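As structure tokens, the structure follows; a few thoughts come after it.
Laboratory data are not the source of any read-out in this text; all were calculated from the coordinates shown. Source: prediction; values computed, not measured. Here the Cβ is made from the backbone with ideal geometry for all residues, glycine too, and neighbour counts use every protein chain on show.
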Amino acid sequence: MNVKHEIRTYIVENILFGDGDGVDENASFQESGILDSTGFLELIGFVEERFDISIADDELSPEHFDSVVKMSTFVEQKLAAKAVA
Amino acid sequence: MTIGQAITWDALTLDCEKASEQIVKSIRESVGNKLKRRGLVVALSGGIDSSVVGALCVRALGPKRVFGLQLPERDSSSETLALSQLIVDHLGIEAESTDITDILTAVGCYRYRDEAIRSVIPEYGPDYKCKIVLPSLLGPESMRVFSVVVESPDGLQSRARLPLSAYLQIVAATNFKQRVRKTLEYFHADRLNYAVTGTPNRQEYDQGFFVKLGDGAADIKPIAHLYKMQVYQMAEYLGLPQAICERPPTTDTYSMPQDQEEFYFSVSHTVLDICLYGKNHGMTPEEIAPIASLEVEQVAHVYRDIEAKRRTTRYQHMAPLLIEPVPEIQANALH
């Protein structure tokens, strides 16, 4: 499972209507304008369902969610913690 | 001390005499020369913005050419009808009151909203109250995610984060309220050959705090350039009833009491006024922080949120997009 690839693909297919040329995986979602608040909510729903993880309110910080790379790193950490539990 | 004077800052002090003269002149020219209508319809909620707009319209056209509408529904606060009647009486205008609860019930406003709330809080029942809220911008930096808060008949509150589908359905359902009101405003405008006013202040207009084709629809928006504190100053200058001048900003959209801060802006209207003015005038967070009594990083966060809201709500200001320009119509609009 390539978490980063799946998140990027979801954004390109569902939010950018297939136009993935300009997606910088390190770019801030907030500053680049790729995701608005609705798009962000959509993406949270996607990763919770696709990776079967639950994200707590206090985990919803830019540190975890403000780019493709940050988000995939966070999801991978959640998956690793789940595997250990 | 009124709400608008809780924090004062010279930069936001309005020359009310000059500003009101400019607005009154512009209303007269707009209604007669551009809109070619004979008067104005104003929906009066009993809040400060619509009351100020109503008073300015009366100054511009006289009370006989302003028609007021009071449009409460079952979730409106008990103050709404009393204060809107107070301003109608104060202005001496003709007005009509229509309770829009039956219309909203018929289109499914409450049913769709409640269905979405029950998807995250199953015990939510017909006698419960509700609202949706955002986290404050002044706490730890977090992503902007709405939660729904419900209150049971015995006063017990529950809160749940909203997934996308529930959030969208609640907003879509409650938007019926603003759109039904605007439909009735245009009905009366059409039958009287009047134009329709919109009542946003600068915060609401700039930050997209309105429903497209709901309260965002209007022929003229007389106070869209005024900061909220300036609207309070104008209310005092126009001599509006004290109960209206002292009413805090409210959404009056959900059955639980809800201010605009927790629903949308995430900071108080005074803080937002100062930050918005500072940002619009190229002032740095370091310059604004002591004026707003905030930390520099908090001001920087508010600045980022102002930009984010502008991006997110840009489409609400857009006219329908055309595939090719129709220059003849654009030319007509300019003359």
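Sorted on the mean count of surrounding Cβ atoms within 10 Å across their residues, most packed first, peptides B:200-211, B:310-321, B:37-48 read B:37-48, B:200-211, B:310-321. The simple spin-label model puts a point 7 Å past each Cα toward its Cβ; for A:Met1 and B:Ser152 those points are separated by 3.7 nm. Using a cutoff of 8 angstrom between alpha carbon atoms and counting only pairs six or more residues apart, the relative contact order for chain B works out to 22 percent. Checking the cross-link filter: which lysines have an alpha carbon closer than 19 Å to that of A:Lys70, excluding same-chain neighbours under 8 positions apart? Within reach: A:Lys4, A:Lys78, A:Lys82.
Distances between placed amide hydrogens fall under 5 Å for B:Ile220 paired with B:Val196, B:Gly198, all partners being 5 or more residues away or on another chain. Based on the Kirkwood approach, the hydrodynamic radius assigned to chain B is 21.1 Å, with every pair of different Cα atoms included.
Rounded to the nearest Å, what's the spacing between the alpha carbon centres of the range B:60-132 and the range B:183-226? Just the number, please. Using only Cα atoms, the two centres lie 16 Å from each other. Quick check: net charge around A:Met71, other residues with Cβ under 14 Å of its Cβ, Lys/Arg +1 and Asp/Glu -1? Overall, the nearby charge balance is -4. Here the Kirkwood formula, the inverse mean of 1/r across different C-alpha pairs, assigns chain A a hydrodynamic radius of 13.0 Å. Shielding by partners for peptide A:37-45, expressed as the average number of C-beta atoms from other protein chains within 10 Å of each residue's C-beta, is 5. Most tightly packed first, judged by the mean number of other beta-carbon atoms within 10 Å of their residues, the peptides B:127-135, B:151-159, A:25-33 read B:127-135, A:25-33, B:151-159. Working note: Karplus 6.51/-1.76/1.60 with θ = phi - 60° gives the range B:180-185 the couplings 5, 4, 5, 4, 5, 4 Hz, where Gly and Pro are set to x. One equal scatterer on each Cα of the protein assembly as shown, no solvent, Debye formula: the resulting log10 I(q)/I(0) at q = 0.09 Å⁻¹ is -0.64. For chain A, what does the relative contact order come out to in percent, with C-alpha contacts under 8 Å and a separation of six or more? 38 percent. For the range B:67-72, 3J(HN,Hα) computed residue by residue from phi via the Karplus equation (6.51, -1.76, 1.60; θ = phi - 60°) reads 10, x, 10, 10, 10, x Hz, glycine and proline entered as x. Taking a straight Cα-Cα cut-off under 21 Å and skipping sequence neighbours fewer than 8 places away in the same chain, the lysines within cross-link reach of B:Lys221 are B:Lys18, B:Lys25, B:Lys34, B:Lys36, B:Lys64, B:Lys177, B:Lys182, B:Lys212, B:Lys309. Seen against the Cα atoms of chain A and their longest principal axis, helix A:3-14 is set at about 40 degrees. Here's how it looks for B:Phe67: its modeled amide H is under 5 Å from those of B:Leu40, B:Val41, B:Val42, which are all 5 or more places away or on a different chain. Across peptide B:164-174, the mean count of Cβ atoms from other chains lying within 10 Å of each residue's own Cβ comes to 2.
Between A:Val12 and A:Thr73, the simple label model (points 7 Å from Cα in the Cβ direction) yields a spacing of 2.2 nm. In percent, rounded to a whole number, the relative contact order of the range B:149-274 is 19, using alpha-carbon pairs under 8 Å and six or more apart. Averaged over peptide B:308-314, the number of partner chain Cβ atoms lying within 10 Å of each residue's Cβ comes to 3.
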